[in-house]
Each structure stands twice: as structure tokens, then as C-alpha cells.
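Report on the structure given below.
The values are calculated or read from the model by the stated rules, or taken from the named source; none is laboratory data. From a predicted model like this one, the values you see are computed outputs, not experimental measurements. Glycine gets a Cβ as well: all are built from the backbone with ideal geometry, and neighbour counts include every protein chain shown.
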Amino acid sequence: MFDTVINNGLVIDPANRIQSQLHLGISRGAVACLSAAPLSGARVIDAAGLAVAPGFVDLHIHEDALDETTGKFDVKIFDCMLRMGVTTAIGGNCGIGPRDSAAYLAAADRNGLPVNIGLFAAHSEIRTPYAADNYGPAPDDAVGKMAADLDAQLAAGCVGVSFGLRYVPGTTAKELHALAAVAAGHKKIVAAHARDDAGYVVEAVKELLALAADHKAKVQISHIGSMAAFGQMEEVLALVDAACAAGLDIGLDCYPYNAFCTSIGSATYDPGFLERYGIGYDAIEITGGKYRGQRCTQAIFDEVRAASPETLAVAHVMRDREVDIALAHPRAAMASDGILVDGYGHPRAAGSFPRLINQYVKTKKLLTLHEAIAKTTVLPAETIGINKGSLAVGSDADIVIFDYDRISDNADFARPLTPPAGIEWVLLRGEIAVQKGEIVNNHLGKAVRI
Ligand SMILES: [Zn+2]
């Protein structure tokens, strides 16, 4: 007798090369049995006609904030993640994250979150106390202090270090290498929003490949679509493939949209961006405030950038075909890069995972369902080095049950938080978080430390 059984579903578990009609038993929060015959349990979920997969792992999100005074979270994006079938998300990306990652993870354990959460130690947060100017170098004596801060965060369970080099152009090679060496010493991953994009991305990717070579570090090139889907993707993927053939360990991630999104005050929107991307102001959409949903004129762009630089602005600029070849690349995990400011943002925060299946498996037929599930489970889990993304007996019973025929992303740029269809059940450690498409418990997630 199991605590919970999931009978009659199509179990898809790429980590263990499984895709067949099986019945799954859960005891004490872990997968206890996969059986060819139906099982009995205290709670029975009939998954007839549905797919049963490991809960999705999103290795690149921008996490909800912890209010340090109240010790509570302002939960917005985590609920979006859960509704998409994500059970583990990794925050602290692009060099931006909580200042005190240990306190954040402790608060996650105390409160319980909609999803399990792990963190990168975020470079910009480590750097700011020593060097407030993103465009200038840090003082010489600061690099050792930053390395010590990073070492402490990695010892406290952060999954690696993340850089937002595009946002902090003042990061010198010395600083970058010193911190990468610390992460490599912990055998943890170095993730980076590369130093440059579009016509300048090749040199920026070479910098990251050299980092991997010099430190024998595992390097993750973040949201490769928004870096190189402007005519450079084939060259960049060839460079990555050549580096991997030479023995380097390089990962990629990509979200399934042809528009990127970042703060309008960030370096991405510094003067020259129109020429860089070959666009006009009307390619830029404001996501929050009084111009929400509007395409820019120069006047609107200048006003919002000056008055509220934290506002997220979407650039409708990437080439579909290049996003497609990036997502189809065997080293590319699907990661949402979800980010919300005041509850507004890009639909990737609420649509990426269903969209991968809806668009890339069902419509475009660029991936098999098995491949898509691999890109959202075992590949991101192995990339980060966490013990998730598998339904092997003994694994945490983090599970998503979805209707392949009905699954669709309903979030769009006008309504970016619209929940998807077809995500029927989500379980964390065997407890039900989503039932028949509705959140019934958003406090089951715990901190993930490695
Ligand atoms: Zn980024």
C-alpha cells in the first residue's frame, strides 16, 4: 500500500530512458515503485490519457523577492512556475539575486514556497558593496574580498556563480577569472549572461569558453537565443560544439520566444542599441506603468528610461529560425528566464514550459516529446548538479501530469500572466500542489542546496 499512486499514465522519464504506460507508487515523498500493473494506495490519481513526467526544472529564473523585514516572500513568479509544471527553479541569475543567499534559502525552508528553489551566488550583488559603478573596474583590493564572499555562499549551498557581464561592463578579466576559479574549486557551475550580444557575441562567447578551459569549469551560457539569434547563432553553436569536442563542459539554455526582455535602464538599452539590433523604437514594448502594452516612440522610451529605469521593456527582435536551432541543440536546456516587476513582464514567465511542448513538439515538430521533456528535466538538473529531474525509485516524488492534447501556453504579451492549459496535476515530494489545473497548496517547495 503506497501513500499515493498515479495509475494508467504514459510515464516519460528521459533520465532513465523510459516512455511507456506505467503505474507509479509514492511512499514518504519519494518514488517507490514503477509497475506494469496498476497499484493501490491511500490516494489514487487516475492519469489515464495523461503524461506523467518528472517535475520541470527551470535553471534560469529571476526569483520573487524576500522582504527582509517581515521574512516573507512576495510570491508572484513562483506561482507562475508551479502552474507551468515547474517543481524546482534556480534563481540568482545574470548576476542579480538576493544579497544574502543563505538567509533567502533559510526563509524558503521556513515559509515553504510554491516550488523548490536553488540559487546562484550573484556576482553583481557581491560586487556592489566594493564597486558601485557597473561601468568601471573594481578596486584592486576588492577582488579578494569578492572571492571570499563567493566562497562563503558556495559553501552555504549555492549551486554556482552567475554573472551579468552585459550589465556590468566594468568586470575585468582578472575579476571574472578570480571568481570563476572559486566556483571551479567547489566543482560548481559558472553561468553567464555574456559580455556582449548580436554582432559582438562571438568574442563574448570566446571569453566564456576560455574561462571554461582555464579553470576546467563547467560554464553555462545563459539565454543564448537573446544573445545570438540576430544572425550569429550558427557560428556560436559551432564554436560551442568545437569547444565541447575538445573536452570542455559547456551548457546552453534558451527560452521559446523571439523577443527578449530586460530593464529599460540596463546597459542593454544604452545608446546605440537601435543600430546594434537593426530596429526602430517601435520594436520596443513597455510592460508596466502608464505605457504598459505600448510600443515605444523615442519620447516614450526616453521618458521611461529616465523616470523608471527598472521597468521591463520587451524587444521584438530575435529571428525565429535561430531560436529554433538553439532550442534544438542537444546541449540546450529550456529555461524560462522568467522575470516580473510589479507583477508585469514577458509571457515567458507563465508560458515557456507548455509552449515548448505546444510549439516545438506539436506544431513545429522540431523536438520529440521525449526530447522536450529531457530539456526540461534531466538536462537542467544534471547541468546544475542537483538530484532532481528523474523518476528513478528513491527520487523525490516531484511530478507533473499533463494532457498532451490540451497543453498550451495562454500567456501572451498583452496578458503575460495567463495560466497555461493542460497542466493537470503537480506534486512536490508526493504532496499535491496543483489539482485539475488549480493550485491547491503553494507552500510545498523547499530550498535546494548542493
Ligand atoms: Zn540575463
>> Given the criteria surrounded by fewer than 22 Cβ atoms within 10 Å (Cβ to Cβ), at pLDDT 95 or above and of a type in the set (Lys, Arg), does residue 364 qualify?
In response: yes
> Of the residues 276, 321, which single one is in a helix (DSSP H, G or I) and touching a helix residue (DSSP H, G or I) at 6+ places or on another chain (Cβ under 7 Å)?
Replying inline: 276
> So is residue 76 farther than 24 Å from residue 261 by Cβ, at pLDDT 95 or above and of a type in the set (D, E, K, R) or not?
Replying inline: no
> Do the conditions hold for residue 171, that is, is it over 19 Å from the mean Cα position of the chain (by Cα), within 16 Å of the ligand (Cβ to nearest atom) and either farther than 23 Å from residue 387 by Cβ or crowded, with 24+ Cβ neighbours inside 10 Å (or both)?
Replying inline: yes
> When you go through 241, 253, 282, 249 one by one, which is the residue that is charged (D, E, K, R) and within 16 Å of the ligand (Cβ to nearest atom)?
Replying inline: 253
> Residues of region 179-193 being within 16 Å of the ligand (Cβ to nearest atom) and either aliphatic (A, V, I, L, M) or surrounded by fewer than 24 Cβ atoms within 10 Å (Cβ to Cβ) (or both), which ones?
Replying inline: 189, 190, 191, 192
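For residue 44, state whether it is away from the ligand (no atom under 16 Å from the Cβ), over 20 Å from residue 339 (Cβ atoms), touching a Ser or Thr at 6+ places or on another chain (Cβ under 6 Å) and of a type in the set (A, V, I, L, M, F, W, C).
Working: away from the ligand (no atom under 16 Å from the Cβ): yes; over 20 Å from residue 339 (Cβ atoms): yes; touching a Ser or Thr at 6+ places or on another chain (Cβ under 6 Å): no; of a type in the set (A, V, I, L, M, F, W, C): yes.
So residue 44 does not fit the description; no.
Residue-by-condition table, conditions (1) under 25 Å from residue 386 (Cα atoms); (2) among the small types (Gly, Ala, Ser); (3) surrounded by fewer than 18 Cβ atoms within 10 Å (Cβ to Cβ):
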| position | (1), (2), (3) |
| --- | --- |
| 30 | yes, yes, yes |
| 34 | yes, no, no |
| 42 | no, yes, yes |
| 56 | yes, no, no |
| 60 | yes, no, no |
| 66 | yes, no, no |
| 84 | yes, no, no |
| 94 | yes, no, no |
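Which is assigned to a strand (DSSP E or B), of a type outside the set (Lys, Arg) and more than 16 Å from the ligand (Cβ to nearest atom), of 105, 34, 82, 39?
Numbers: 105 fails: assigned to a strand (DSSP E or B); 82 fails: assigned to a strand (DSSP E or B); 39 fails: assigned to a strand (DSSP E or B).
34 is the lone residue from the list that is assigned to a strand (DSSP E or B), of a type outside the set (Lys, Arg) and more than 16 Å from the ligand (Cβ to nearest atom).
Being touching a residue at least 60 places away in the same chain (Cβ under 8 Å) and assigned to a helix (DSSP H, G or I) is the filter here, so list the residues in region 324-351 that pass it. Give the derivation first.
Kept after step one, since they are touching a residue at least 60 places away in the same chain (Cβ under 8 Å), are these residues of region 324-351: 325-327, 329, 331-341, 343-351.
Residues satisfying the conditions are 325, 326, 327, 348, 349, 350, 351.
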> List the pairs whose first member sits in region 252-277 and is under 28 Å from residue 328 (Cα atoms), whose second member is part of a helix (DSSP H, G or I) and among the β-branched types (Val, Ile, Thr), and whose Cβ atoms are under 6 Å apart, counting only residues at least 6 apart or on separate chains?
Replying inline: 252/224; 254/224; 258/323; 262/268
> In the set 150, 176, 119, which member is within 26 Å of the chain's Cα centre (by Cα) and either over 22 Å from residue 448 (Cα atoms) or surrounded by fewer than 19 Cβ atoms within 10 Å (Cβ to Cβ) (or both)?
Replying inline: 176
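Pick from 346, 316: which is touching a Cys at 6+ places or on another chain (Cβ under 6 Å), farther than 21 Å from residue 444 by Cα and either of a type outside the set (A, V, I, L, M) or surrounded by fewer than 24 Cβ atoms within 10 Å (Cβ to Cβ) (or both)? Before the answer, list the steps.
Values: 316 fails: touching a Cys at 6+ places or on another chain (Cβ under 6 Å).
One residue alone meets the criteria, 346.
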> How many residues, within region 263-282, are under 22 Å from the mean Cα position of the chain (by Cα) and among the aliphatic types (A, V, I, L, M)?
Replying inline: 2
> Of the residues that sit in region 224-251 and are in contact (Cβ under 8 Å) with a residue 60 or more places away in the chain and touching a strand residue (DSSP E or B) at 6+ places or on another chain (Cβ under 6 Å), which one is surrounded by the most Cβ atoms within 10 Å (Cβ to Cβ)?
Replying inline: 224
> Is there any pair linking a residue in region 90-113 that is under 17 Å from residue 167 (Cα atoms) and touching a residue at least 40 places away in the same chain (Cβ under 8 Å) to one that is within 16 Å of the ligand (Cβ to nearest atom) and part of a helix (DSSP H, G or I), with Cβ under 6 Å and at least six apart or on different chains, and which?
Replying inline: 95/123; 95/124; 96/124; 97/125
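Condition check ((1) polar (S, T, N, Q); (2) at pLDDT 95 or above; (3) out of contact with any Leu (no Cβ under 6 Å at 6 or more places or on another chain)) across all residues:
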| position | (1), (2), (3) |
| --- | --- |
| 325 | no, yes, yes |
| 328 | no, yes, no |
| 338 | no, yes, yes |
| 349 | no, yes, no |
| 376 | yes, yes, yes |
| 399 | no, yes, no |
| 408 | yes, yes, yes |
>> Six or more apart or on different chains, Cβ atoms under 8 Å: show the pairs whose first residue is in region 204-218 and in contact (Cβ under 8 Å) with a residue 12 or more places away in the chain and within 15 Å of residue 178 (Cβ to Cβ) and whose second is small (Gly, Ala, Ser) and in a loop (DSSP other than H, G, I, E, B).
In response: 207/194; 211/217
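Would you say residue 267 is among the aliphatic types (A, V, I, L, M), surrounded by 19 or more Cβ atoms within 10 Å (Cβ to Cβ) and either within 16 Å of the ligand (Cβ to nearest atom) or modelled with pLDDT of 95 or more (or both)? First the steps, then the outcome.
Working: among the aliphatic types (A, V, I, L, M): yes; surrounded by 19 or more Cβ atoms within 10 Å (Cβ to Cβ): no; either within 16 Å of the ligand (Cβ to nearest atom) or modelled with pLDDT of 95 or more (or both): yes.
Answer is no for this residue.
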